[in-house]
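Working notes, beginning with the structure itself.
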């Protein structure tokens, strides 16, 4: 069954500074939606508002047209990967897969080198390995929508490609919202991309729109070599 | 069952310090013998204050971990309420039993 998640009418202010206004975002089952924006533009705040973690006076979040208030209250509807490590370090990998009701053998299919960690505590894994387990537990678990905040950070390039394949496979069953500064990967896997600029969301068509909104420059992210 | 397991996992991360405070309170109550009964009010408030401080600091230092439980359907409130009730009862019930025992040993009772 196809579901849709719509977000609008969000106003977020810190003291007198308005961070978000005139936001509109839509995600559907079978689609991956990307959110790009400069540092401090309010990407993470937007995800936190959708999840119900950050309270605002104005917001309208609708699942199939019906308002939802605190997304975190129902993981069957929405799960959220924050940009920091969130799994308690003393929990074993096998326990994480049991808690999220996901298949470890399928995970091994994507990341064979993790087989040896089945009985290990997540705290014994490296930062990148830890992140991969966290990303997979959110993407692969049963839910209608999932939001991923900077999933590609800390992860080595070969695993980034695997994660992109997982996203492509999982979006058949759910809607996925991603934000990350590695925008080339976002462009590669997303069906829709919104840019947050001056607190507003703009649906982009191509790279030229990213340049127009000041997210990338004309030369992309090329750095001069020494 | 899964909810209880998750709450216990969270409780385990600071249970040692909490149980140490409870044992200290009960030890003081027992150690003072018949006079210990006069300390029960102070120990009662000591336990409440230390429990409040524990909740405050755990909320700060483990704030990222709450996302794990939230992704599994457990809000902060669902986690904290049973833990606070259980931890306080773990102090209160032995205290009452010990106090009633000490009351019997008071001269003239």
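No value in this document is a laboratory result; all are computed from the given coordinates. Just so we're clear, the structure is a prediction, and the values are computed from it rather than from any experiment. Virtual Cβ from ideal backbone geometry, glycine too; neighbours counted across all protein chains shown.
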Per residue of A:187-194, other chain Cβ atoms within 10 Å number on average 0
Expected 222 nm ellipticity per residue - DSSP helices of 4 or more, -39500 (n - 2.57), all of chain A, to 500: -8000 deg cm²/dmol
Average Cα contact separation per residue, chain A, under 8 Å, 6 or more apart, as relative contact order %: 29
For helix B:76-105, what angle does its Cα long axis make with the longest principal axis of chain B, in degrees from 0 to 90 and rounded to 10? 10
Rounded to 10°, Cα long-axis angle of helix B:2-12 versus longest principal axis of chain B: 60
Could you work out the mean projected area of the convex hull around the alpha carbons of segment B:2-105, in square nanometres to one decimal? 6.5
Hey, fewest Cβ within 10 Å first, where do A:191, A:180 land in order? A:191, A:180
Computed over segment A:20-138, the distribution of all Cα-Cα distances in 10 Å bins, rounded to whole %, is 11, 37, 30, 20, 3
Span from the segment A:52-74 Cα centroid across to the segment A:1-16 one, whole angstrom: 8
Can you tell me the Rg and the Dmax, both Å, for the Cα atoms in segment A:104-216? 15.6, 50
So how do A:3, B:103, A:213 line up by other beta-carbon neighbours within 10 Å, fewest first? B:103, A:3, A:213
May I ask what percent, to the nearest 5, of DSSP beta bridges between residues of the protein assembly as shown are antiparallel? 55
Under a no-solvent Debye model with one identical scatterer per Cα of the protein assembly as shown, what's log10 I(q)/I(0) at q = 0.09 Å⁻¹? -0.59
What ranking do A:147, B:39 get, fewest neighbouring Cβ atoms within 10 angstrom at the top? B:39, A:147
Average beta-carbon neighbours from other chains, 10 Å sphere, peptide B:68-80: 5
What does the helix-only formula give at 222 nm for chain B: each DSSP H stretch with n ≥ 4 adding -39500 (n - 2.57), the total divided by the residues, and the result rounded to the nearest 500 deg cm²/dmol? -26000 deg cm²/dmol
Take chain B, connect every pair of alpha-carbon atoms lying under 10 Å apart with a spring to form a Gaussian network, then pick out the residue of B:53, B:92, B:43 with the largest mean-square fluctuation. B:53
